[in-house]
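I have placed the structure first, in the form of structure tokens, so that the comments after it can refer back to it.
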Amino acid sequence: MNNTALFYALGTVVCWGLYSVLLHKGSLLMNPGGPPDVGSRMKAFLMVGIAYFIVGIVGPMLVMKAKGTPLTFPMGGLTWSLLAGLAGAVGAYFLLMALSSGKGPVESKALVLLVPAIVFAGAPIVNAIVSITKDKVWGETHWQFYTGILLAAAGVAMVMKYRPLGHGAPPPKAAGAPSALVQPVMAPGYVDVTTRPWSVS
């Protein structure tokens, strides 16, 4: 991989890594004080569409105009590019619905960890399988490649099983309950004047 490809690939990693967190936050803030309902999710999705319009339509039009690129679209390129756009848009919709489907604050926070792990580890697996099948190179692919796919799948399973939030987290401690970790050790005959009633005669 050359440096230019690596630069853009890492840029995609950063943008898509932030995408889920930002999208979840946006859907929550569309309905302040309550869980995201269908309406708030659609408001967030609408903002994503506007961003796509700015970056995906206005931007390319300006670049093509500056470069003098003719606005002619061969049918094959147009069809496959539209299919790619539909796949991306529907995927963004599914991602938003998954991120905002938590039944409570704890599950909602857990989904921000779990959903991107499933999506961004699963998508390369799908891409690899489809690409290898399309190019018919199953027999020419090294076993290490298949091992990497299996490790990616195993990584998703481990993230889901050992997530720090959700069912695997200990229950929250009741307010006001004493904790053995913070109890002071008192010397014999010592009176803690900060916790017991006392008076000065």
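Which ³J(HN,Hα) values in Hz, rounded to whole numbers, follow from the phi angles of segment 3-14 under the Karplus curve 6.51 cos²θ - 1.76 cosθ + 1.60, where θ = phi - 60° and Gly and Pro get x?
5, 5, 4, 5, 4, 5, 5, 5, x, 5, 4, 5
Within the set K134/K161; K43/K103; K25/K103; K43/K161; K43/K67, which residue pairs have Cα atoms separated by over 25 Å?
From the list (K134/K161; K43/K103; K25/K103; K43/K161; K43/K67), the Cα-Cα distance tops 25 Å for K134/K161; K43/K161; K43/K67.
Please compute one quarter of the surface area of the Cα convex hull for segment 23-160 and express it in square nanometres.
About 11.6 nm², averaged over all directions.
Quick note: the coordinates plus some simple rules give every number you see, no bench work behind them. All values reported here derive from a predicted model rather than from experimental measurement.
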